[in-house]
Amino acid sequence: IFGGQAAEIQNFPWQVFFQSSRAGGALIDERWVLTAAHVVEGTPDPTMYAGSRCIRARCLESAQRLTAHRVLIHPGWRPVDNPSARRNFDNDIALVQLKDAVKMGPTASPICLPGSAAEYGPTEGDLGLISGWGRTEEKDIVVRLRGAKVPVATLEKCTEAQGEDPRAEAGAYVLTDNMICAGGEGADSCQGDSGGAFAVQDPNEGSPKFYVAGLVSWGKKCGSYGVYTNVKNYLDWIRKTMREASDPGHD
Amino acid sequence: EPTMYGKIVSPNYPQAYPNEIEKTWDIEVPEGFGVHLYFTHLDIELSEDCAYDSVQIMSGGIEEGKLCGQRTSKSPQSPIVQEFKVPYNKLQVTFKSDFSNEERFTGFAAYYTAVDVNECTDFADVPCSHFCNNFIGGYFCSCPPEYFLHDDMRNCGVNCSGDVFTALFGVIASPNYPNPYPENSRCEYQIRLEEGFEVVVTMRREDFDVEPADSEGNCQDSLVFVTDNQQFGPYCGNEFPGPLTIETKSNTLDVIFQTDLTEQRKGWKLRYHGDPIPCPKEITANSVWEPEKAKYVFKDVVKITCLDGFEVLEGNVGSTFFYSTCQHNGKWSNSKLECQPVDCGIPEPIQNGKVNDPEDTLFGSVIHYTCEEPYYYMEHEGGGEYRCSGNGSWVNDVLGTELPKCAPVCGVPSEPFVGKQR
């Protein structure tokens, strides 16, 4: 997290730590974790933890260990031979079904899915919360959860954003309507934060209630604009996948 | 030794008999015969009531005759001057003279023979109840057709016992009814009904005519009803003296009709039927009887249905109804069964929620499920209130028997993230 600060897990109780890929995910139900497809690509049996702000081994002993029952990557996600050279992150979304239900409490509870109404489509300027154990301005790896508030920006901002090597990247990245652009004021997600939720406050609730508007997907450079998977576009797939996978006859 | 005949004469006969003498002859002929004693000569001092001299004939302690004086035959064809016939086989003849005789008297000469006694006619008592057959030296009794001779060899009776009536309805009459019933008979009829039925006897007054009681009130001929533990009767008279309907309180009844030798009348005719024993109409709590009747009797079957919320437990199996049968002893079967409030049992636990400890779990009780707030909420509408229903299930107004589900509350951090402004 760039431009953020240390956070408590109680601030982001939906935050899931993917140990094997050192990434994040969002708990959306007792048995489901939503994450980015590139987080679980090639990792059919990820090990996850919930309920801990610290990811040291000793801390994780007291966290809830989550065991994957199956990993379901969106069918629109296109595998590539060299993931580090990927430029197309369209449909960067995946579901992980858990073997056992997560026990909810102050440190572990799900984030809501967006509603299907128009107001659940974040517009420019809307603030969202991001969190993760990813890179910061100072460290490549942090052990304590960090969080930040980032505003939604137009996709053009992400298109125009400069990468580490502008010549090499020009025109190579694909931006679609399945993506949300956010950031721009120093607050940003970064490597290690992938799959984590871009949480936006529900406009229809009086008391603060957050839904997962996006998932940390990619960015040209940390600290400016980041691109998030637009979860609202995948509601049908999410619900269908969860429904079918929960069917006792489905395996 | 008994002899068939013999002769006796007074002392010194045909000379004058001596003074002051007394002599006795015990005459005996075989049993079954009588004695015919006849005098062919009689010449004894005459005195008033034969007080001086006499010949006295005794039979069985009874004086048959006492003779004195002179007798001559009244028939030239017969030498007999005096004769006695007794229907018994023993006779005692005693001759007696006093101290003086003014003249010479020669005494008596007499003969005796055994003669057949007609036992059928010679005695005042009738020896046979029906037919008497005399023979030399004895007699025997005989009976009309369909009668038999009793062991006493004198009386006839009819064989009228042994009938067993098992039908629920029936008519029993005395032999030959309405013609005169037989004498000297004992008729025993048995009514044997299935347990659970009471024998009820009905008699019309005019259907009864039995030889009335004697002056002391004892029935000569009688009709008696006997159960295991009580007796009705004896009854006799021109019309039935007892109650026209007799409820015996028993499923078995012996009808005994006894007659004596004399005076046979029309007899009697009775009807009987089996009255099923009633079972009490009990009021059992929390249930309905079907069919509803004012009176229940043996073999009636009722279906006892528990009211809603009640059940009957047979072992561990609950049911909403049971059957009860009126038994032969007047008691209901399954009488120990009763409709009890349905017990819904301990409510099932739910994930991520709890149920309050109910005061009881019987029909109508209410429980409440709650979820572990604030992290879970009850997914379905209808709240967590469940009521113990009549079918033994905890039922919610909306969910029915389905348990509530506690779903995680989403999107609410327990602590808000406060971002520091740069």
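Nothing in this text is a laboratory measurement; each read-out follows from the coordinates by a stated rule. Quick caveat: nothing in here was measured; it's all calculated off a predicted structure. Reconstructed Cβ throughout: ideal geometry from the backbone, glycine too, with neighbour counts over all protein chains shown.
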Whole angstrom only: what separates the Cα centroid of the range A:221-251 from the Cα centroid of the range B:74-132?
152
Compare the Cα positions of A:49, A:214, B:109 along the charge dipole of the protein assembly as shown (+1 at Cβ of Lys, Arg; -1 at Cβ of Asp, Glu; about the Cα centre) and return the one farthest towards the positive end.
A:214
So how much slack lies between residue B:254 and residue B:200, counting 0.36 nm per residue of separation and subtracting their Cα-Cα distance, in nm?
18.2 nm
Report the FRET efficiency, 1/(1 + (r/R0)^6), for residue B:113 and residue B:48, where r is their Cβ-Cβ distance and R0 is 35 Å, rounded to 0.05.
0.60
Residue separation times 0.36 nm, minus the C-alpha to C-alpha distance between residue B:192 and residue B:24: what's the value?
53.6 nm
Sorted on mean Cβ neighbours within 10 Å (highest first), peptides B:303-310, A:187-194, B:125-132 come out as A:187-194, B:303-310, B:125-132
Exercise: per-residue mean of other protein chain Cβ atoms within 10 Å, A:7-16
4
So for chain A, taking the charge dipole from beta-carbon charges (+1 Lys/Arg, -1 Asp/Glu), which of A:7, A:121, A:91 sits furthest toward the positive end?
A:7
Give the relative contact order (percent, whole number) for chain B; include only Cα pairs under 8 Å separated by 6+ residues.
10
Which residues does a label at residue B:261 reach in the range B:129-143, if reach means a backbone N under 18 Å from a point 7 Å past the Cα toward the Cβ?
B:129-134, B:139-143
Starting at the first residue of the range A:109-125, write each ³J(HN,Hα) from the Karplus equation 6.51 cos²θ - 1.76 cosθ + 1.60 with θ = phi - 60°, in whole Hz, x for Gly and Pro.
7, x, 9, 6, 7, x, x, 8, 5, 5, 5, 8, x, x, 10, 3, x
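What dipole magnitude, in Debye to the nearest 20, does the protein assembly as shown give about its Cα centre under +1 on Lys/Arg Cβ and -1 on Asp/Glu Cβ?
Values: 57 positive and 96 negative charges, 1080 e Å.
Using Cβ point charges on Lys, Arg, Asp and Glu, the protein assembly as shown gives about 5180 debye.
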Theoretical ellipticity at 222 nm over chain A - DSSP helices of four or more residues, -39500 (n - 2.57) apiece, nearest 500
-3000 deg cm²/dmol
Can you give me the relative contact order of the range A:117-251 as a percent, contacts being Cα pairs under 8 Å and 6 or more apart?
25
Cβ-derived FRET efficiency at R0 41 Å, residue A:20 paired with residue A:172, nearest 0.05
0.90
Two pseudo-spin positions, 7 Å from Cα along C-beta at residue B:373 and at residue B:218, lie apart in nanometres by 10.1
From the backbone phi of the range A:11-22, what are the Karplus-calculated ³J(HN,Hα) couplings (6.51 cos²θ - 1.76 cosθ + 1.60, θ = phi - 60°) in whole Hz, Gly and Pro given as x?
6, 10, x, 7, 5, 10, 9, 8, 5, 5, 9, 6
What is the magnitude of the charge dipole of chain B about its Cα centre, with +1 placed on the Cβ of each Lys and Arg, -1 on the Cβ of each Asp and Glu, and no other charges, expressed in debye to the nearest 20?
900
Average Cα contact separation per residue, the range B:134-225, under 8 Å, 6 or more apart, as relative contact order %
19
For residue B:335 and residue B:63 in the same chain, what is the full-extension length gain: residue separation times 0.36 nm, less their Cα-Cα distance, in nm?
89.5 nm
First measure r as the distance between the Cβ atoms of residue B:357 and residue A:139, then evaluate 1/(1 + (r/R0)^6) with R0 = 51 Å and state the FRET efficiency to the nearest 0.05.
0.45
How many Cβ atoms of partner chains, on average, are near each residue of A:103-109 if near means within 10 Å of its Cβ?
6
